[in-house]
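> Have a look at this one.
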Amino acid sequence: MAAIADSRPRRRRNLTRIIAPLVVLVWLLVAVFGPAISPYDPAGIQDADLFEGFSAKFLLGTDFFGRDMLSRIIAGTRLTLGIAIVATSLAVTTGLMLGLAASAIGGFFDSALSRFLDALISIPSKMFGLVVVTAVGSSVPVLILTLAIIYVPGCYRIVRSVAVNVAALDFVVAARARGEGTFYIMTREILPNMVSPVLADFGLRFIYVVLLLSSLSFLGLGVQPPQADWGSLVRENISGLAYGAPAVVLPALAIASLTIAVNLSIDSFFSGRVREGVH
């Protein structure tokens, strides 16, 4: 009986390790091949009935303009994932290079850079995003740069904390003694020994970016019409909540499914590596 009880959590973990990455993969495929699989023009009015429910003609119903929700969600997937992936890549790459430089150079450079980014991270992310987008205007490039800047300090702190510990190890000290340059030490000695924390941080930052982007869009300061991401789809169909319209719930479920799947994928992957290391 004990063996059966122990096998159940293991089966659940194995199932999670399969389903969660599969959900992420499905959303990525939808983002890449969205225009080819979209049944209707996302911006075109297809029906006179507003907030229509599920039907054979409109699998996910219609929105407040009579547009096909399936096509709108598919179009929103490309914007949501595209902006999030590019912004997260910029944030993690910038934080990675700054953190490596701070750990390898040290001294005044490390102290000054850390104090500056600590001051930046003290500003609430949503407030910073609202101020920048309101002052500059909302566009895809502005959103990408704003989201990247918001999360650079957090990436920097993670990278620096790991890199400082690696930089104190004997093989790095030996490289310094051999007269290796700072760039060599950063890229050849420190970086290869911190890949896993960086990948885990990338996944978590991606989740934060998706949620913040959706929040800005819900407030009307994110992706602007006629384009739409998942957050703006929730905002523009919020009046259908009283009617129980699928157009309100489905974009929110899309946000939840992606963020939860990414989180579970990260957890499953790295916990699996830890168990393999233990065994």
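> Quick one: how many Å² of D41 are accessible to a 1.4 Å probe, rounded to 10?
90
> Of all the C-alpha pairs in the chain, what % are more than 22 Å from each other?
Percent of Cα pairs beyond 22 Å in the chain: 65.
> Another one. Gain in length, V173 to I37, computed as 0.36 nm per residue apart minus the alpha-carbon separation, to one decimal in nm?
Gain on extension, V173 to I37, equals 43.5 nm.
> Quick check on the chain: helices-only [θ] at 222 nm, where DSSP H runs of length 4 and up contribute -39,500 (n - 2.57) each and the sum goes over total residues. Nearest 500, please.
Only helices count here, giving -25000 deg cm²/dmol.
> Using a 1.4 Å probe over the heavy atoms of the protein chains, calculate the carbon and sulfur portion of the accessible area of the chain as a whole percent.
Here it works out to 69 percent.
> Quick test of the membrane-span-like rule: which DSSP H helices of the chain reach at least 15 Å along their long axis (C-alpha atoms) with mean Kyte hydropathy at least 0.0?
Answer set is 2-37, 69-105, 107-121, 125-136, 140-167, 195-218, 246-278.
> Highest first, please rank the peptides 17-26, 207-216, 160-169 by the mean number of other Cβ atoms sitting within 10 Å of their residues.
Final packing ranking: 207-216, 160-169, 17-26.
> Estimate the FRET efficiency between I123 and L219 by the formula 1/(1 + (r/R0)^6), using the beta-carbon distance for r and 22 Å for R0, to the nearest 0.05.
Using R0 = 22 Å, I get an efficiency of 0.80.
> I've got another one for you. Please build a GNM for the chain, connecting alpha carbons under 10 Å apart, and tell me which residue among T93, T259, T134 fluctuates the most.
T134
> Which stretch or stretches of the stretch 188-221 have amide N atoms under 20 Å from the point lying 7 Å from A135's Cα along the Cα→Cβ direction?
213, 216-217, 220-221
The values are calculated or read from the model by the stated rules, or taken from the named source; none is laboratory data. Computed from a predicted model, the values in this text were never measured in an experiment. Cβ coordinates were reconstructed from backbone atoms using ideal geometry, including for glycine residues, and neighbour counts include every protein chain displayed. These accessible areas exclude ligands, DNA and RNA; they are computed on the full protein's heavy atoms, side chains included. Shrake-Rupley method; radii C 1.70, N 1.55, O 1.52, S 1.80 Å.
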